[in-house]
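Please read the structure below before turning to the comments.
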Amino acid sequence: MVLPAIAAAFVVIGAVAMRMSFGPGDEPAEDRRKVPLLVEEVELEKKYKFEVHDMVGERCTSSSPVKIHTKYYYPNADKPKGVVIYLHGLNSHSGRITPFYRRSLNDGWIVGMMDFRGFGRSSGRHGYIEDVDILAQDAVKFIKETKTKFPHYKVFVLGTSMGALTLLHASIKLPPGIVDSMIYHAPPVEISPNVLPSAPVEVLGRILLYFIPKLPFLVPHSVHSNSPGRESVVEHSKDVDPNFYRGRLRIGTAYAMMQASIFMQENSSGITLPFLLIHGTADRVCAYDGSERFFAKASSTDKKLFAIPNGQHNLLQEEEQYKQLYLDTISNWIETRVKN
């Protein structure tokens, strides 16, 4: 009787330890806040005025507030054209988007950015999403605060991949008159079969979700994000970036993304704001066909779908021809609207 009792005790202790390590709840993540800036970020801060602010997240499951890292860069211009906000993709953070910031600042735009909770310098378990709707609430708060800070400027918001999916959810929540146009880049309204788990793995994940949602479980999608010629360079940039999440996809994160995608498939008609939708036709992470179907259902009367032939998922870190077409398309869209 002694051995079974000891074995049972070990099982209970192991289950409690797993629950404490990978169960729900918010975490301050002070270690990520202390990570040095990337070289590209340091170069930007030498050239442009900037402001850093910790925004308090909209919802939390602990007694301490959730700190959301936000930043603004200012162009070297007497009168900026307006404000462009960037929302990053899954596992990434705002510090990795410097090519877009440089282009926007050079064109005369104020650039705003935030790290979603669980990513970059914001609170939360690294790489964990409890609910995309919570991220959307944070995004809405940041967008509103930005409009209050710059009341006389037009505001445009660009979200890429997970950031685009979050922005779609935020678009339904935002009252009119705050944002002049949205730009959605490769939103995962439909996930590519390349990155979907097998049926047995999905069943196991759903079981574990209720007990240990933060458990790293699934193979990440990042290997499918770039073309073969750019893969090694981009992957190396992630390896040397401590604030890029390199672990397996956490169970709760996968489920949250799936639920958010299904919601948008069913509620596409709720998108009424003007928007530009950009998607590479060779995307192996988020299905291009899904963007076509979403675009057709969206209720916006001012909308445009711009397909980048043979473009991969991570256009900002692709060959120059794809990156420049991506940046030019965004620039042309907002430049036209700021003049109206």
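The values are calculated or read from the model by the stated rules, or taken from the named source; none is laboratory data. Computed from a predicted model, the values in this text were never measured in an experiment. So basically every Cβ, Gly included, is an ideal-geometry build from the backbone, and we count neighbours across all protein chains shown.
In region 120-137, is there at least one residue being in contact with an Asp or Glu (Cβ under 8 Å, 6 or more places away or on another chain) and either closer than 22 Å to Glu335 by Cβ or among the aliphatic types (A, V, I, L, M) (or both)?
Checked region 120-137: at least one residue is in contact with an Asp or Glu (Cβ under 8 Å, 6 or more places away or on another chain) and either closer than 22 Å to Glu335 by Cβ or among the aliphatic types (A, V, I, L, M) (or both).
Okay, residues lined up against (1) charged (D, E, K, R); (2) modelled with pLDDT of 95 or more; (3) over 16 Å from His93 (Cβ atoms):
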position	(1), (2), (3)
Glu40	yes, yes, no
Lys46	yes, yes, yes
Lys49	yes, yes, yes
Val52	no, yes, no
Gly57	no, no, no
Ser62	no, no, yes
His69	no, yes, no
Pro75	no, yes, yes
Pro80	no, yes, yes
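Confirm whether Leu167 is closer than 20 Å to Glu335 by Cα and either of a type in the set (Asp, Glu) or surrounded by 15 or more Cβ atoms within 10 Å (Cβ to Cβ) (or both).
no
Can you tell which of Asn226, Asn243 is of a type outside the set (Ser, Thr, Tyr), out of contact with any strand residue (DSSP E or B) (no Cβ under 9 Å at 6 or more places or on another chain), under 30 Å from Ala296 (Cα atoms) and not in a helix (DSSP H, G or I)?
The unique qualifying residue is Asn226.
Is at least one residue of region 298-311 modelled with pLDDT under 95, farther than 21 Å from Leu174 by Cα and in contact with a His (Cβ under 8 Å, 6 or more places away or on another chain)?
Among the residues of region 298-311, not one is modelled with pLDDT under 95, farther than 21 Å from Leu174 by Cα and in contact with a His (Cβ under 8 Å, 6 or more places away or on another chain), which makes the answer no.
Under the condition of being under 19 Å from Arg248 (Cβ atoms) and out of contact with any helix residue (DSSP H, G or I) (no Cβ under 8 Å at 6 or more places or on another chain), which residue from region 119-141 is surrounded by the fewest Cβ atoms within 10 Å (Cβ to Cβ)?
Result: Arg125.
Which ones in region 183-208 are assigned to a loop (DSSP other than H, G, I, E, B), over 30 Å from Arg337 (Cα atoms) and in contact with a Lys or Arg (Cβ under 8 Å, 6 or more places away or on another chain)?
Result: Ser192, single match.
Could you check region 192-205 and list, in sequence order, the residues that are free of Cβ contacts under 8 Å to residues at least 24 places away in the same chain and buried (at least 16 other Cβ atoms within 10 Å of the Cβ)?
Within region 192-205, no residue meets the criteria.
Would you mind stating whether Gly163 is under 24 Å from Leu218 (Cα atoms), under 16 Å from the mean Cα position of the chain (by Cα) and of a type outside the set (A, V, I, L, M)?
Answer is yes for this residue.
Is it the case that some residue within region 289-312 is farther than 16 Å from Ser181 by Cα, hydroxyl-bearing (Ser, Thr, Tyr) and touching a residue at least 60 places away in the same chain (Cβ under 8 Å)?
Scanning region 289-312 turns up at least one residue that is farther than 16 Å from Ser181 by Cα, hydroxyl-bearing (Ser, Thr, Tyr) and touching a residue at least 60 places away in the same chain (Cβ under 8 Å).
Name every residue in region 206-220 that is surrounded by 14 or more Cβ atoms within 10 Å (Cβ to Cβ) and free of Cβ contacts under 8 Å to residues at least 40 places away in the same chain, in order of residue number.
Correct list: Phe217, Leu218.
Listed residues Met264, Met258; which is out of contact with any strand residue (DSSP E or B) (no Cβ under 8 Å at 6 or more places or on another chain) and hydrophobic (A, V, I, L, M, F, W, C)?
Result: Met264 is the single residue among Met264, Met258 that is out of contact with any strand residue (DSSP E or B) (no Cβ under 8 Å at 6 or more places or on another chain) and hydrophobic (A, V, I, L, M, F, W, C).
crowded, with 22+ Cβ neighbours inside 10 Å and either modelled with pLDDT under 95 or more than 16 Å from Gly229 (Cβ to Cβ) (or both): is that true of Ser291 in this structure?
Yes: the conditions hold for Ser291.
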